[in-house]
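As structure tokens, the structure follows; a few thoughts come after it.
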Amino acid sequence: MDKNLFSILLVEDDPNLSSVLEDYLEMLGYPTTHCKNGEEGLEEFKKAHFDLCVLDVMMPKKDGFALAEDIRKINAEVPIIFLTAKSLKDDRIKGFQIGCDDYITKPFSTEELSLRIKAILKRCAVRTPNNNSSLDGTYRLGIFTFDYVNMVLKSVHGEKHLTRKESGLLKLLCEYQNQLLPRDVALNKVWGGSDYFIGRSMDVFIAKLRKSLSEDPRILITNVHGSGFKLSVDENRTTE
């Protein structure tokens, strides 16, 4: 497991603890973004891709529980660790009901945090986009076979040749299938930038891909407002 593939969102309002944790996580090789309250944390989560969230429970403006609930509306899979000074059973139960992966009671050692992070990322690695990549450059998507190397979308109805940007964007959507593909990730990887005009260009390409995939009505590319896109195949719908 290459740690450098995993980025962490740290949301902690204690300036001393957050400084220590941010430096420690960076030293371990995890790119870390720190926010000092729940509202900032949510805005940052909407803008960028993170592989793990470490959230303090007691914070101003939006506490860790409320932040985790908002994050789960955007991404149901990203691992979440709660940091708390409380050890009450009801609080721990609430954290796990929201969908956290672990719960660490303060004070704790940095080594303990490191071991818990490693265990969670190893357990959840199957959910990360890097492990959904095709080894030979082909992806199965409903009635389609997408050949990324040759930039061709194939089905029983024929073949459609895609542009380089269409291919790059569809490849990312396939790798993030059933997960949120953050706008910034797509913009930077396919276009190499993320300004307003590039963003509008990407929206046009999303529309083109929807049209190209419209032969199979089960395939959905949905907009997640202000965050990105999600590619899924609705198995409950028929192809007719």
Extreme residue, surrounded by the most Cβ atoms within 10 Å (Cβ to Cβ), among residues of the range 42-67 that are within 14 Å of Ile8 (Cα to Cα) and over 14 Å from the mean Cα position of the chain (by Cα): Val54
Tell me, yes or no, whether the range 183-192 has at least one residue that is of a type in the set (S, T, N, Q) and assigned to a helix (DSSP H, G or I). yes
Considering only the range 1-101, give the strands (runs of 3 or more DSSP E) lying wholly within it that have at least 2 residues that are more than 29 Å from Lys189 (Cβ to Cβ) and touching a residue at least 24 places away in the same chain (Cβ under 8 Å). 80-84
What is the residue count in the range 194-215 for residues that are among the hydrophobic types (A, V, I, L, M, F, W, C) and closer than 17 Å to Leu141 by Cβ? 4
Total residues in the range 45-69, condition among the charged types (D, E, K, R), within 20 Å of Leu181 (Cα to Cα) and modelled with pLDDT of 90 or more: 1
Hits in the range 141-160 (condition: part of a strand (DSSP E or B), farther than 18 Å from Ala207 by Cβ and not charged (D, E, K, R)): Thr145, Val152, Ser155, Gly158
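The values are calculated or read from the model by the stated rules, or taken from the named source; none is laboratory data. All values derive from a computational prediction rather than experimental measurement. Glycine gets a Cβ as well: all are built from the backbone with ideal geometry, and neighbour counts include every protein chain shown.
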